[in-house]
Amino acid sequence: MKFLDVLLGRTKPAPSKVDAIFSIATAYISMETKLELHHAGTAGICFKMVSSTSFDRLKGDLEELLQLARRETATDYEMVNDEHGYLWLVLRDPDFEDLVTTLHLISTTLIESGFGDQLLSSVFKFTKEGTATYFIYTYKRGTFYPFVPLKGKERDAQYELKLGTLLDAELPVEKNRETWYPLWELPL
């Protein structure tokens, strides 16, 4: 920090946890080559809706932003309300980096509009031999964790643990496994 910054009480902004979402774009190379996980062309961001005019305005701004993204990158989107009062913005794009960049843009827009506390997670869908694997990014912790659902609300905890260990060097993987919450019935 510079002398004048200290004297005038200015501080450098803390690095944003949102920027950690970009680490999945570089980790994807290892996911694909070493683990044979291929992105499914879909991802989503989930946040709690608020009853307010400013939130309604923000929702309209997000829709405009997503329409622009659709024109620029061919990223398609859908808004889905779930039964728990969350809004999902589901994105579809064959280019994985476009998905990551668009989710980061949406996250940043929500935070800058004062709705950062409403962000729950971003979810990236991958497949291996027809089986879905999700990587969930939690905004409050700034970390990822794997989620591998099986039939009947069961999950492959052993494979999740393996993925978390194998990708720990490339992703900020959540250390507290008790917070690796399952997200059932994802709209992805």
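In region 34-92, counting only strands (runs of 3 or more DSSP E) that sit wholly within it, the ones holding 2 or more residues that are of a type outside the set (A, V, I, L, M, F, W, C) and either over 21 Å from residue 140 (Cα atoms) or in contact with a helix residue (DSSP H, G or I) (Cβ under 8 Å, 6 or more places away or on another chain) (or both) span 38-48, 76-81. Contact map, region 151-180: first residue among the aromatic types (Phe, Trp, Tyr), second residue modelled with pLDDT of 95 or more and assigned to a helix (DSSP H, G or I), Cβ cut-off under 7 Å, separation 6 or more or different chains; pairs are 180/160. Taking region 121-161 as the range and being at pLDDT 95 or above, surrounded by fewer than 16 Cβ atoms within 10 Å (Cβ to Cβ) and of a type in the set (Val, Ile, Thr) as the test, only 127 passes. Scanning region 158-187 for residues that are of a type in the set (Ser, Thr, Tyr) and touching a strand residue (DSSP E or B) at 6+ places or on another chain (Cβ under 7 Å) yields a total of 0. Listed by first and then second residue, the pairs with beta-carbon distance under 7 Å, at least 6 apart or on different chains, first residue in region 32-54 and closer than 18 Å to residue 85 by Cα, second in a strand (DSSP E or B) and of a type in the set (D, E, K, R), form an empty list. Remark: residue 164 falls outside the filter, which requires a residue to be modelled with pLDDT under 95 and of a type in the set (Gly, Ala, Ser).
The values are calculated or read from the model by the stated rules, or taken from the named source; none is laboratory data. Everything quoted here is computed from the prediction, not taken from an experiment. Neighbour counts are summed over all protein chains in view; Cβ atoms, including those assigned to glycine, are modelled from backbone coordinates with ideal geometry.
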